[in-house]
Structure formats: structure tokens, C-alpha cells
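These notes concern the structure reproduced below.
The values are calculated or read from the model by the stated rules, or taken from the named source; none is laboratory data. Here the structure is a predicted model, which means the values were calculated and not measured. Every residue, glycine among them, receives a Cβ derived from its backbone with ideal geometry; neighbour counts consider all protein chains shown.
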Amino acid sequence: MVASDARIIDPLLKTVAADFGSPLTKASLAVSAYALPYGLFQLAYGPLGDRLGKVKVMAIAFSLFTLGTAACAFVPAGSVGLPWLIALRFITGVFAAAIIPLSIAYIGDKVAPEKRQATLGQFMSALMMGTVFSGPMGGVFGDYLGWRNIFLLLGGISVFVMLALLKAARSEPPPVKEPNKPATSILKGYGIVLSNPNSLVVYPAIFLEGLFLFGGFVYVSSALQDNFGMKILEAGLMISFYGIGGLVYSFSAKKILKQLKQWQMALLGGVLLMGGFSLAALLPTLNVWWPIIPAALLIGFGFNSIHSTLQTKATELAVKARGTAVSLFAFFFFLGQSLGVQGGGALGLSFAANGPSDKVIPGYWIVFLTSGAGLFLMSLWVASRLPKMTQEQLVSSSPSGGTPAR
């Protein structure tokens, strides 16, 4: 539900902008308004999960997320409606922030390091399912059922998830605390995480990943609509191949990880991302739309290849403050996403050109090329540093400080 909700606006951007009589760049604030608090509030939820229990915090936050999502269906029409939508997306992002990072931290608590990346790959398949369905669902509602009603549907389904989480929270045991020792403060928890030198690789890398990935990919639907006259549903179906690429990765992660080292996974991700975005940039020149299918598959597979690698490293930064470490990871990822969406929009407009009937079309090609090049260079840097992230990382973050965590 969180993955669907996070991406549901992407294929609807042009429709939302037209409905409120606003330019595309202003309507895209509805994307940034969700992503920015989503990242910012990670800084609070991680420590809360470490202290109060991860499932308990998730259950409360998801309940409020459900209400915020459903409320988006009732924003008023006309120019006054966009500020309301932006505000509600902001509020929803605040509470959605708890779910995915605390789930990842929970996996980190329960799964041994040697199995963790493959398990996270399976977890990512649930996120990819949300992404796969968000494109077509957004298209169906945008074209035929009214874009506001998609939020009513997501909110209604989320009620059932909310009830399941609340039930699970009642049976969650309290976090184990060392006797006669006060709970770790929030600032001390972040200090423990950042004292690991590998944090200087993981966090800048995930910021750059969010910046370049979403600075380009969020505009794929708009590019298809502008350059090929696609309906929202058609463009949404094309976007869904990104999620299918992620699903292919999640189902094959165990086999791939037996063949490739982590630095090779990171480099593979960068190569595939550069290839996918470069292919997307060529669409107007090729004057055909179908190459977006392999492009989206490459982007989805490539993103998960490098993202799961960075995710795994984040869970290893601090055993005693794993929720804090993963939340900081998500903070930098969504901070990059929020800035990337705005930067990509501005870059595209600066290279805008006249299309058929003197229609102004943003320079999507430069946006996609920039995204691909940035992600490839980031993957090169990460791949060069990963071999140095040896067993010392687990030693430094283990509870005893002297033996690797298992």
C-alpha cells in the first residue's frame, strides 16, 4: 500500500495539473510534498522503533497514513484544490515514513547477515508489486474513473492492512534492554551509526541514487504522453514494466548473489540504469514508443541490484541502533528523491522545444541522460569502495564489539 501510494501520482501528473489549471512543475510539488516528509520523519521513527517496538510504531503510523490517503479523494476542484492536495500528501508522507524502513530494520533483526540481501530482495518484491499496479491503476482512474477516486480505493484497502498491523502490535514483545542501563538517546543512536566509517559511503550513495533515479523516472509518463500522445492508462502500463524488472530481480536474487559479489552487483545496477535511461532518451529520435518497455525493465532491475546492496550495508552499520541506521538511509534516499523531482523538472524546461502544433515539450532527453550518467558514476564509486567494507564492519557494529554479528 505504501509503495502504491508513493508512486500513484506519477502517471497522473499531467491530469492533476490540468484539473487544477497549474503548470506541470507546480503540480509536481504533490510528489515532493510526499517525498520530503517521508525522508525527514525517518529521523524520528527509527529511534522510536528501537525504543518502543518496530511493529507498534508501524501500526500507529499506518493507521494515520490510511486516513491521510483517503482524505486526498475529497480535495476541492479548481485552483484552490492543489494546495489542499499538496498539504494532504505532506501529511500522508509523514506517517508513511515509518513503514518501509522499520520493516527493513525488522528483517535486519531477524535474518542472519549471509541471508539478509536475498531476504531483502524478497521484501522488495512486495514493494515492486505496489509499483507495478500503481501505473495501470493511476491510468484507469485518470482516464475513466476520476483521479481522486484512486485515493479512496487505496485508503479502503489500507483499512484491512491497518487492522492486521494493530493485531500484530498487541502481541509484539517489548524491545530487550540491558539491565541497569538507560535507553540510548536519539542523538547517541545517530552517533553510533555515523561513527562507522562505512556510513560515509552508504548515505551519500543513497542520496545520489534518489536524486538521479526519481529526477528522471518520474517524468517518463509525461514524456510518453507529450511525445506519443499516449493516454494516462497507456503510459501507466509502460511505467509498470519498471516494477516487473524489480520483480525479476527479487525472484532471481538468491541465484545472482551466489554468482556475483556485492561490488559487482552495484556495478551491474549502474550499467543497467545507464542503459535504460539512455534508451528512454532516444525515444523521440527513434520516433517509436515500444523501446520504453526494455528501458523500464532495465531501470527496475538495475535499481534493485544496487539499492538492495546499499540496503544490506545499512542494516550492518549498527546492530544496537538498526532502526536508526535504516531510517537515516531512507531519509537520505527520499531527500534525494524530493530534490531530484524538482531538479529534473527545471532541467527539462530549460531544454524545452516546440513540438507539433507549436506545443512546448520539455527536454526529457537531457533529463534521462543526466539521470543515467549520474547513476552510473555513483555505482562506479560504490563498487570501488565495497571491497573495503570487509568483516570489520560487522565487528565494529556487533554487540560485543569483538566478534562478527550473526
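Key figures
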quantity: Top-ranked residue of the stretch 1-48 - restricted to ones that are touching a helix residue (DSSP H, G or I) at 6+ places or on another chain (Cβ under 7 Å) and not in a helix (DSSP H, G or I), ranked as surrounded by the fewest Cβ atoms within 10 Å (Cβ to Cβ); calculated: Pro23
quantity: Residues satisfying the stated conditions in the stretch 259-270, i.e. of a type outside the set (S, T, N, Q) and buried (at least 18 other Cβ atoms within 10 Å of the Cβ); calculated: Trp263, Met265, Ala266, Leu267, Leu268, Gly269, Gly270
quantity: Those residues of the stretch 196-215 which are of a type outside the set (A, V, I, L, M) and touching a Lys or Arg at 6+ places or on another chain (Cβ under 8 Å), in sequence order; calculated: Asn198
quantity: Condition broken by Ala17, with the remaining ones in (1) touching a residue at least 12 places away in the same chain (Cβ under 8 Å); (2) touching a Lys or Arg at 6+ places or on another chain (Cβ under 8 Å); (3) of a type in the set (Gly, Ala, Ser) satisfied; calculated: (1)
quantity: Selected residue (criterion: nearest to Leu208 (Cα to Cα)) from residues of the stretch 349-375 that are of a type in the set (Ser, Thr, Tyr) and at pLDDT 75 or above; calculated: Ser371
quantity: Odd one out for Phe151 among (1) at pLDDT below 75; (2) of a type outside the set (Gly, Ala, Ser); (3) touching a Cys at 6+ places or on another chain (Cβ under 6 Å); calculated: (1)
quantity: Among residues of the stretch 49-76, those that are part of a helix (DSSP H, G or I) and either of a type in the set (Val, Ile, Thr) or on the phi > 0 side of the Ramachandran plot (or both), counted; calculated: 5
quantity: Leading residue by the ranking (farthest from Met124 (Cα to Cα)) among those in the stretch 228-279 that are assigned to a helix (DSSP H, G or I) and among the basic types (Lys, Arg); calculated: Lys258
quantity: Residue within the stretch 139-150 that is touching a residue at least 12 places away in the same chain (Cβ under 8 Å) and within 14 Å of the chain's Cα centre (by Cα) present; calculated: no
quantity: Contacts under 8 angstrom Cβ, first residue in the stretch 197-209 being closer than 13 Å to Trp381 by Cα and part of a helix (DSSP H, G or I), partner at pLDDT 90 or above and not aromatic (Phe, Trp, Tyr), 6 or more apart; calculated: Ala205/Met378; Leu208/Gly374; Leu208/Leu375; Leu208/Met378; Glu209/Leu375; Glu209/Met378
quantity: Check on Ile293, touching a Ser or Thr at 6+ places or on another chain (Cβ under 6 Å), touching a residue at least 40 places away in the same chain (Cβ under 8 Å) and not in a loop (DSSP other than H, G, I, E, B); calculated: no
quantity: Total residues in the stretch 201-254, condition charged (D, E, K, R), under 30 Å from Gln42 (Cα atoms), more than 15 Å from the chain's Cα centre (by Cα) and at pLDDT 80 or above; calculated: 0
quantity: Top-ranked residue of the stretch 86-138 - restricted to ones that are touching a residue at least 40 places away in the same chain (Cβ under 8 Å) and of a type in the set (Lys, Arg), ranked as farthest from Ser252 (Cα to Cα); calculated: Arg89
quantity: Residues that are surrounded by fewer than 23 Cβ atoms within 10 Å (Cβ to Cβ) and among the polar types (S, T, N, Q), drawn from the stretch 278-311; calculated: Ser278, Thr285, Asn287
quantity: Residue list for the stretch 77-95, restricted to those being β-branched (Val, Ile, Thr) and in a helix (DSSP H, G or I); calculated: Ile86, Ile91, Thr92, Val94
